[in-house]
Amino acid sequence: MTTNQPLPQHSTLVRPGDGHHTKTPVIAFLGTGRMGSPMAANLASAGFELRVWNRTTSRTATLAQHGAYVARTPAEAAQGAGILITMLADGPATEAAANGPDGFLGRFPGLVWVQMATIGARWSARLAVLAARRGVTFVDAPVSGSQAPAEAGQLTILASGPDRVRDLLAPVFGALGRATVWLGPAGAGTRAKLVLNSWLVDLVEATAETLSFARQLGLDPASIVELLRSTPLGSPYAVQKATTMLGGDFTPAFALKHAIKDAELAVQAAQANGTHLTLTEALLPGWRHTAMVHGDDDLSAVYITA
């Protein structure tokens, strides 16, 4: 049953990095996949009272061991929470968790909803409107970083939303990342994430092509990697991915299928604003072909078909 009355918001003591005790609302965390699970675990380890939900319940087992309450529905997870974080696969999955039959929107006015997945500009704007209609504060805060930084609490958080929630969210973001950048009204975080991801996929494609080109010219690609490492031309990320490519270890840090999804979102946003991402558009057909076999591997697997 839907209620228009806000439930009492429980609170717990949290220890931020400066050692002071701060009272903070309970956190509901929806989406405990490859990125969400370590993020939620870091919140639990930081002392936050946590309520979690995932469509596949087995993926919440580790968090239950951390003391998190495992909810059967998104609405149950949001019960009594003051902050709700979504880290779900895409826009439709996020909207279903928010506004579906078992969703949290319309039940808990006053909730602060922090959307941290990469879902694209159109979906971010759509969800912000839905939240406003239901009396929920919407914060758009996608993260930059892969699974390893998520596990280490070293993500970069691209936050956007009303100024009044910054202090409330500071200890939460502090448990999840090494840095938080506030970029303006909700939606700016997602737009920044699309720009970064377009740069990322272009860089990975250029790295794969460079190593393949070196090999075709009869050079040792490893020597090119060392040249890149010793000059300003080689960014740390490109050198890391080049080393992964040559080592043939495509254990996913950022799965190719997810990189393609993010690249497509960037292309869509560019087209919606009357421009084109020539490089990103050009690489997508080849990446989709590679993903037919290697979609669950790291995006560096594009080297196989470069």
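What the table shows:
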| quantity | calculated |
| --- | --- |
| Any pair with Cβ under 7 angstrom, 6 or more apart, that starts in region 194-207 at a residue that is crowded, with 22+ Cβ neighbours inside 10 Å and ends at one that is among the acidic types (Asp, Glu) and assigned to a helix (DSSP H, G or I) | Asn197/Asp262 |
| Number of positions in region 210-245 that are touching a Leu at 6+ places or on another chain (Cβ under 9 Å) and in contact (Cβ under 8 Å) with a residue 40 or more places away in the chain | 3 |
| Gly161 vs. criteria surrounded by fewer than 24 Cβ atoms within 10 Å (Cβ to Cβ) and either hydroxyl-bearing (Ser, Thr, Tyr) or not assigned by TED's automatic domain parsing to the domain that holds Ile260 (or both) | no |
| Boolean, Pro252 is in a loop (DSSP other than H, G, I, E, B), touching a Gly at 6+ places or on another chain (Cβ under 8 Å) and of a type outside the set (A, V, I, L, M, F, W, C) | no |
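The values are calculated or read from the model by the stated rules, or taken from the named source; none is laboratory data. None of the values given here were measured: they were computed from a predicted structure. FYI the Cβ positions are ideal-geometry reconstructions off the backbone, even for glycines, and counts take in every protein chain you see.
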